[in-house]
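Single-structure report; data block below.
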Amino acid sequence: MTPEIPRDNPRQGKADALPVLVEGGGAAGITACLDLAAAGRRVHLVESTAVLGGQVLRLDKIYPTDHCAFCPLWTDIRRLKEAPGIIVHLLSRVVSLEASAEGSLATIVTKPPFIAPERCISCGKCAEACSPEAALPLGEHIYPPSFHIDEGLCNRCGCCAGVCPTAAIDLDRKEERQTLKIGKAIRATGFREAELSPLPEFGYGLHPDIMTSLEFEAWTAEAGQNGGRIVCKSGGGRPANIAFIQCSGARDDRLLPWCSAVCCMHAIKQASWVKRRDPGIDCWIFYTDLRTVGRDYYAYSLRATERAGVRLVRGRPGLVHPLPGGDGIAVKFEDTMTQKREIRRFDMVVLNGNLRPAVGDGYPADGAAQDNACGFAVEPADVAQSACQGSSAALKIMIGGEEGPCRA
Amino acid sequence: MTSTLKTIREKAGNLLAGGLADGVLCLGRDRFNVVQPRLFRKAEEVGSLEIEPKWNLAKLAMQTLRSAEKSFRLTVVCRGCDERALLELVKRNQIDAFRMTILSYTCGREQAEACLCARPYPENSAAGEKIEGVDPFGDPRFASLLAEDDQERMARWTGLLSRCLKCYGCRNACPICVCTPCKLEDDLWVERSAVPAEMIPYHLIRAFHLSDTCVACGACQDACPVGIPLLALQLVMRRSLKEKYGYEAGLEADRKSPLLMDFDHASPAGLTLPAWTVSSEAPHER
Amino acid sequence: MNAQEIVDKTTRGTPRVLVFACRWCALVGADAAGRGKADLPASFRVIPVECAAMVEPDSVLRAYAGGADGVAVLGCHLGGCRFNDANHVALKRMEALGDLLDTVGIGRRRLLLSFGTAHEGRQFAEVLGTFFRELTPLPSLEGWRKTLLNQPSFR
Amino acid sequence: MPGVIAILCRCCGQIEPEVDLQALRERIGREAGVVSVEVLDSLCLPEDGAAIVQAVESSGADRILLAACSPYGKAGDVVSALCARGIDRSRVRLIDIREGCAWIHRGDRTGATAKACDLLCMGLGFLQYGGCSTDAVVAVRPECLVAGAGSAGLAAAVSIARAGFQVHLVERAAEGGGMLRLISRVYPTDVEAAEKLRPYLEEVERNPRIVFHPKTRVVSATGFAGDFKVRLASATGDVNVRVGAVILATGAGVWLPRGLYRYGELKEVLTLMELERRQREGKTAAKRSVFIQCAGARCPERPYCATMCCPSSIKNAVLFRKADPDAEVTILHRDIMTPGHILERYYRSALDAGVRFIRFDPAQPPVVSGDGHVEHVEVFDAISGVKREIETDQVILSTPLVANTDNAKLAELFHVPLDGYGFFREDYPLHPLETRQGGIFICGSARWPVSSTEAATQGEGAAMKALAILGREKLSARSMSRLPEGKLGHARIEDSSCSGCGNCVAVCPYEACTLQRMGGAFVSRANKMRCRACGSCTAVCPNGTVQMPEHNARAVGAMIRRAFAEGDAG
């Protein structure tokens, strides 16, 4: 097909065109927004949580650089907030999207927070006043800092509103719904953790020290409650050993048939950071295939195993169960490289891999590429890959949606 | 007349006679029999050429070349230290290497000991017997300057530097100091009114500016009227540069100072310091 | 005059520290420490810089002359610099400065180089606290500075 | 008369208990140049903006000293709001007396107050000397250079052309296609590579906006984002192009496993690429074949996984089985690298198709044997713990991709870094397509080995990044930064006092400083577009000739001198 030659100057960036709807403010969504805005398009960014940044914000360290992702993410978010063409809708979700002849109509519902962020000076008075401890900081690396009220815990007593020096708190805010006229939409809704209940053998929920990798990340974060110290949730003692169980939930037809792509490196990173902070702790990674496909990933895994002394066991444990009295956790596994069966006691178990797209039930079985979706929503992807896809999704919108001529 | 002097005179004469150089910069006796730097233009003049006493000609060579016309080719007769200084000046784009040839000679033993010179010889010597250098850190006089703990050293240097008259002799004599204006004359860095010069701003700033360029010629302390052993400030930094990066100022024409160069760009993944470590634990070249 | 006299002349108190903090990591770390309401001596001042590589060694020296007992240069993790490893160069430079400080007896103990990330507020507080503890036994440079100025020029 | 107005924030009582704002107010009021001191309850609430502006206007001050919370907190937004009203950023100084003072010095009111006072005085000193650098603006060339016409390069070129901009597509070979020319089909869709390629090539031919330069190399490059001057050399002569952005998509190279698994010694020991050629030429596959993964990858010489070898082997294995249902196909592997849901399904399809997977331990690699012609492979099956003897007609070594040999040259020309393996290194994982030089983007296997599909995605991504530059008439030097307010400034060099020593040139991470002849001597010049305001040069300049106006030596000096003034007094 011959490309239509735009009559207007391409540099006008089709500013007259309808705004683009971007669902999800994670790595992919942010990239898409910034690229579109930079190219002169107007954008509505709809984010379900109270903050931008998505899952990257939850990571204490990112692989393979071992740095925090703070400054690049933070600068991008600030650019996004100050970019003229971008309107951010936090705590919002798209409830309907009707396509019409010229553009389509998106209805989004916004649940304003009890504490208005623009009025909160994060003095913490509400937290002091709140008896059910529902008032909490929004998060460690949210700038500008602010507090929020956990609606589940809040008993609507209103003490906080009384003490707030800036009258930022209003406990009966109502949902608002608005309809936006938009052109195309990009879906960058990212991932969430799947319920592990269908897989009882991993014993998730039976013991506080059996946690998913993201829980573990938060538990051991530099900025978290333990300030980077590695301690057990039960009793707060120092664990002697930690088991990282890969593909727990992934590559498993009972839950998620696919490979979540990011968990191998994630576990290696966590294990080597455990080693870095407390070399005495024994780290075992139970893997099926150690998928280290990215730049420096393999070298990183070598450093973890050879230098830091992280132990790799090929095999998927068949049973994880707390020992009587909750003293430690038994892990039953076979090291398939040596065919040795073993039951071993661990103090902590980290389950890796139960990552699924945040919306919808999984990926299309035929593997057909969904148009204008990027990041984890279209395929399990790490930060870099998501960002690439974000940019390319933005491009498809710029050049009128039709895909590159030869995407097979 | 020493054989070194003889050879130098002869070679200088040949250079001028053969038209390989338009001028030879060296010490010479004027008609009052005073030895001072002089620009020889004719071969027959070299009879009055001298190489003693020690006199750093690097800066003079730079100025000569600057003032002379483009085509002018200069030969500088100098010692090892001066040769290194010239090389540093070339590296710092102060001298056009193509217009200058060096006729260098090896110092005598007593000179080397007087200077505590580790390399009393040039890279390619035109005259004189190559002799082994002196290890300054082995010398009791010098070592005593660095001895004992911080307290003692602080007291010692306080005493030494408090003699300073702030004559700027050290800076002016230094063959590497070429900046105009100079930070040492700027109230922002050194209060001009304060005499003796404030130790930290004046002496340490001067010393650090030469951290990676000092060629240990000792011109600064030779020039000091109150005999402050200024070279001692430099040699420690020189030594650690040599130990850490194998770098010595004035030796390699095409190597930049390691204090300016970046580490290897391809930083291996995850090879960083643990959180907030103190630099002493830092991995160096990666 | 000997070391003891100098020490006697010094006014002991909480040491004074000038902190140069890179605004990409170190300063955010400092901010996180503040948000965590860490407890630190009030005798340090922070000068924000774009990158640790921006700090002139001369400014560090000037700081000692201007009343600081210690100077801290804080940047991003090595390898995590926003400016393409510029902080490595800063590190090399400051270590050379340390040699000079050792020579004249100020001592490189008074120069702290540290590298951390934005997430590490607690570590920031720890490192600074440790630095204060290390400086406290050292004589304040103040008294020594005065003695220097009172020296007769000749003897 | 112009002067400084100091605005102190009570932060609704967050600061008062530790810092004596009243004393502070009097103390600062006595400072020279301070025309007025205001103490407000808060600065960051929506209604406060007016109050601040009113205070500033009534005071007639031209510089503002704010004492509030940390720049990362609300106060940062307050400053931005002020700047949005047309006040230059260098005229506003924000002092953090909450996180940086009141909150960390609880119980030491004197100390905290003295510190706050010193900090404010430092701020005053800074405001007194802090300058403001003049911005530079370049007219953006509405053209783009794409180096390499593989999947990534083609996707990038076509996308940019469709967006309406001129593209110079430079290819070393005679025609485009890159790796797609060497392989038969493309995983995971098993579409024929030629099929996949054709529409691209057709469009390259048809689209008037794409200028294709075959058999051409980049020989020199100067300039900066918005205006690169690039020289292209080919047999037909050199061409000079001026482009606004550059996309490096030179792809990767193949590697021959000489001496590995008796390659080159036994017949029918092939590399993946050789197999692909046969497939393309439609040669009938052998009855029995064995694939050996990680041949020359994940080893000390090449300690990385090349991403595409596992799926490629799977693809061919399945094709063998499809072509001949009773063909025996075995894949010997260390780990099957099929991340994601598409590739994982692909892997499973191979299992369903009856491909045999045997895992071996790198400590005990397979042994290929035969006499002239490969006969069998001996492997220790790590999972079942038995030694297996596999009769085979051919052995396929799936070798990794290696960095393109041209990368080093291009990296040198464009001043972009390479990683340890010779691939182009991205700026940051979060910005995977950008290099440290503005306006130069990387994609495809030149960046890191990827499948052609992924390469195309990256190509489009890089195109999008390029469009962000090409789409503008003008590009401002200040905007060459990730910060919304633009970078701090640009290094400024005084010709008169520059001795041309070259320290700044050596230290600049962005090659922004260059030496230029001026009369007999040299002087250094700083390129505003390339400069990222890290200030490295200002720190190494022996006599302070290089300065960052926003953060110059006088301002810093003033801060240092005042740092402990109050501490001395009280």
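Nothing in this text is a laboratory measurement; each read-out follows from the coordinates by a stated rule. Because the structure is a prediction, the values reported are computed rather than measured. As a convention, Cβ positions derive from the backbone with ideal geometry for all residues, glycine included, and neighbour counts pool all protein chains shown.
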GNM flexibility winner over chain A from A:385, A:246, A:339 (Cα, springs under 10 Å): A:339
Dipole axis of chain A (+1 Lys, Arg; -1 Asp, Glu on Cβ), positive-most option in A:205, A:117, A:246: A:246
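How much length, in nm to one decimal, is gained on full extension between residue D:202 and residue D:110, taken as 0.36 nm per residue of separation minus their Cα-Cα distance?
25.4 nm
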Cα-centred dipole magnitude for region D:461-570, charges only on beta-carbon of K, R (+1) and D, E (-1), debye, nearest 20: 420 debye
Using alpha-carbon coordinates, inclination of helix D:452-470 to the longest axis of chain D, degrees: 30 degrees
Across A:275/D:409; B:11/B:59; A:125/A:174; B:6/B:242; A:269/B:256, pairs whose alpha-carbon gap is larger than 32 Å: A:275/D:409; B:6/B:242; A:269/B:256
Full-extension gain in nm, residue B:124 to residue B:101, via 0.36 nm per residue minus C-alpha separation: 7.1 nm
Relative contact order (percent, whole number), region D:138-238, Cα cutoff 8 Å, 6+ residue spacing: 28 percent
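What 222 nm value per residue comes from the helices of chain A, counting each DSSP H run with n ≥ 4 as -39,500 (n - 2.57) and dividing by all residues, nearest 500 deg cm²/dmol?
-6000 deg cm²/dmol
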Exercise: per-residue mean of other protein chain Cβ atoms within 10 Å, A:245-256: 1
Protection proxy ranking of A:284-290, B:127-133, C:86-92, D:91-97 - average other beta-carbon atoms within 10 Å, highest first: C:86-92, D:91-97, A:284-290, B:127-133
Length added when fully stretched, residue A:253-residue A:155, from 0.36 nm per residue minus Cα-Cα: 31.2 nm
Filter on B:130/C:92; B:70/D:229; B:183/C:92 - keep pairs with C-alpha separation over 26 Å: B:130/C:92; B:70/D:229
Crossing angle, helix D:340-352 versus chain D [Cα axis fit, 0-90 degrees, rounded to tens]: 10 degrees
Lys/Arg +1, Asp/Glu -1 at C-beta; region D:84-232 dipole; positive extreme among D:142, D:207, D:197: D:142
Computed helical MRE - 222 nm, chain B, DSSP H runs ≥ 4 contributing -39500 (n - 2.57), nearest 500: -9500 deg cm²/dmol
Modelled FRET efficiency - R0 41 Å, residue A:136 with residue D:30, Cβ distances, 0.05 increments: 0.40
Of B:144, B:125, B:162, the one that fluctuates the most in a GNM where chain B has Cα springs shorter than 10 Å: B:144
Environment charge at residue D:40 (Cβ cut-off 14 Å; Lys +1, Arg +1, Asp -1, Glu -1): -1
Rounded D (µm²/s) - the protein assembly as shown, Kirkwood Rh over Cα pairs, Stokes-Einstein at 37 °C, 0.692 mPa s: 94 µm²/s
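Enter the mean number of other protein chain beta carbons within 10 Å of the beta carbon of each residue in A:285-292, as an integer.
Per residue, the number of nearby Cβ atoms from other chains is 4 on average.
Helix-only estimate, please: 222 nm mean residue ellipticity of chain D, summing -39500 (n - 2.57) across DSSP H runs of length 4 or more and dividing by its residues, to the nearest 500.
After summing the helix terms and dividing by the residues of chain D, the value is -9000 deg cm²/dmol.
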Nearest-20 debye value, region C:15-138 charge dipole, Cβ charges on Lys, Arg, Asp, Glu: 240 debye
Estimated distance in nm for a label pair at residue B:252 and residue D:284, the labels positioned 7 Å out from Cα along Cα-to-Cβ: 6.3 nm
Sequence ranges A:266-272, C:51-57, D:315-321, A:75-81, ranked by mean other-Cβ count within 10 angstrom, highest first: C:51-57, A:266-272, D:315-321, A:75-81
Dipole of region B:109-175, positive end: most advanced residue of B:114, B:168, B:133 [Cβ charges, Cα centre]: B:168
10 Å Cβ neighbours from other chains, averaged over peptide D:419-428: 5
Label-to-label distance, nm, for residues given as residue D:326 and residue D:222 (7 Å Cα→Cβ offset): 7.2 nm
Rounded tilt (10° steps) of A:27-38 against the dominant C-alpha axis of chain A: 20 degrees
Proximal aspartates and glutamates to residue A:181, defined as alpha-carbon separation beneath 14 angstrom and excluding residues fewer than eight positions away on the same chain: A:16, A:98, A:102
Between region D:69-99 and region D:297-321, the alpha-carbon center distance in angstrom: 54 Å
Simple label model, 7 Å out from Cα along Cβ direction - residue D:371 to residue D:495, nm: 8.4 nm
Charge dipole magnitude, Cβ of K and R +1, D and E -1 - the protein assembly as shown, Cα centre, debye nearest 20: 2300 debye
Proximal charge balance of residue D:192 [Cβ under 11 Å; K/R count +1, D/E count -1]: +2
Sum of side-chain charges, residue B:186 neighbourhood, beta-carbon under 12 Å (Lys, Arg +1; Asp, Glu -1): 0
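Which FRET efficiency value, to the nearest 0.05, is calculated for residue D:233 and residue A:345 with the Förster distance at 60 angstrom and r the Cβ-Cβ distance?
The calculated FRET efficiency here is 0.35.
Using a Förster distance of 41 Å, how high is the FRET efficiency between residue B:191 and residue A:229, based on the Cβ-Cβ distance and rounded to 0.05?
That gives a FRET efficiency of 0.25.
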